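Data block below; observations after.
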Amino acid sequence: MQMTRLYQAAETLRGLKGQSEVARALNASPQTINNWEARGISKPGLLKAQAIIGCSATWLESGEGEMAIGGSHMGSSTLPFLSGARRVSVGAKNDDIPIKKVALTLQAGIMGFEATQVHDGDTTIDIPRRFIEENDLVPQCLLAISIKGDSMWPLMIDGDSVVINIADTKPINNELYAINFDGEAVIKRMVYENRQWYLDSMNPDPQYKRRVCRGGECIVVGRVVFQPGRKLIGRV
């Protein structure tokens, strides 16, 4: 039923018909689509569909609520996550792509969060277009957030900004992620040891001890991919 809803939303909201057009729009391989047909759409797939097609991830997963987010419709320039934000074409002539800065409101469910645009001070972070292309990122799946606290010092300090990819939630050992940890928004390095995932801080102070990441109390919101002046993918 999830795939039936996906095809329905793709045609209604974006005029996409059939498996091949949907797969091309989501940059998904035929094998990925077949896996979704057999096992259900993965969480990253739900988020990517929401970002690109404009349909609700909750509606795709369960059929509950409205199909479209924010009145999305075919040809709309509105991002599903942030009202009033504009879509950016990676093929545009601009060298930088502005990513909206948001505050995360944490919640239960498939998303684990809601994003509210920040209006105080700097409201965007510019990412080089080449970086987007080289790392196969989807601009509509990127959010900029502020760091709180000093647990990730010296790599990040309180008030720094980073960009997260909410379509990338599958943990990779030693990579950085934004996490909904028991209702608290944190940026941590995820470490896999003894068949268990842990949230690890960079700061060696004993108060920032390692914490176990499991179950509904630890929801991965997105992978940290960019900090102004630094590339964080595969660099920690």
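Would you check if there is a residue in segment 40-61 being at pLDDT 50 or above, over 19 Å from GLN19 (Cα atoms), open to solvent by 60 Å² or more (accessible area, probe 1.4 Å) and out of contact with any Asp or Glu (no Cβ under 9 Å at 6 or more places or on another chain)? Looking through segment 40-61, none of the residues is at pLDDT 50 or above, over 19 Å from GLN19 (Cα atoms), open to solvent by 60 Å² or more (accessible area, probe 1.4 Å) and out of contact with any Asp or Glu (no Cβ under 9 Å at 6 or more places or on another chain).
Scanning segment 1-43 for residues that are under 22 Å from ARG223 (Cβ atoms) and in contact with a strand residue (DSSP E or B) (Cβ under 9 Å, 6 or more places away or on another chain) yields a single hit, LYS43.
Can you pull out every residue in segment 158-186 that is of a type in the set (Asp, Glu) and closer than 13 Å to VAL225 by Cα? Spell out how you get there, then give the answer.
Step one: of segment 158-186, the residues of a type in the set (Asp, Glu) are 158, 160, 168, 175, 182, 184.
Matches in segment 158-186: ASP168, GLU175.
Assess whether MET202 counts as being assigned to a loop (DSSP other than H, G, I, E, B), touching a Phe, Trp or Tyr at 6+ places or on another chain (Cβ under 9 Å) and touching a residue at least 24 places away in the same chain (Cβ under 8 Å). So MET202 fits the description; yes. How many of the residues in segment 168-188 are open to solvent by less than 20 Å² (accessible area, probe 1.4 Å) and either in contact with a helix residue (DSSP H, G or I) (Cβ under 8 Å, 6 or more places away or on another chain) or in a loop (DSSP other than H, G, I, E, B) (or both)? The qualifying residues number 1.
Of all residues in segment 132-155, how many are more than 18 Å from the chain's Cα centre (by Cα) and surrounded by fewer than 23 Cβ atoms within 10 Å (Cβ to Cβ)?
Step one: list which residues in segment 132-155 are more than 18 Å from the chain's Cα centre (by Cα), which gives 148-155.
Remaining after also requiring surrounded by fewer than 23 Cβ atoms within 10 Å (Cβ to Cβ): 148-151, 153-155.
Residues in segment 132-155 being more than 18 Å from the chain's Cα centre (by Cα) and surrounded by fewer than 23 Cβ atoms within 10 Å (Cβ to Cβ): 7 in total.
Only one of the numbered conditions (1) of a type in the set (Val, Ile, Thr); (2) modelled with pLDDT of 85 or more; (3) closer than 21 Å to LEU46 by Cα is not met by THR105, and that is (2).
The values are calculated or read from the model by the stated rules, or taken from the named source; none is laboratory data. Since the model is a prediction, treat every value here as computed from it, not as a measurement. With ideal geometry, Cβ positions are generated from the backbone for all residues, glycine too; neighbour counts draw on all protein chains shown. Remember, those area values only see protein heavy atoms, side chains included, never the ligands or the DNA or RNA. Shrake-Rupley method; radii C 1.70, N 1.55, O 1.52, S 1.80 Å.
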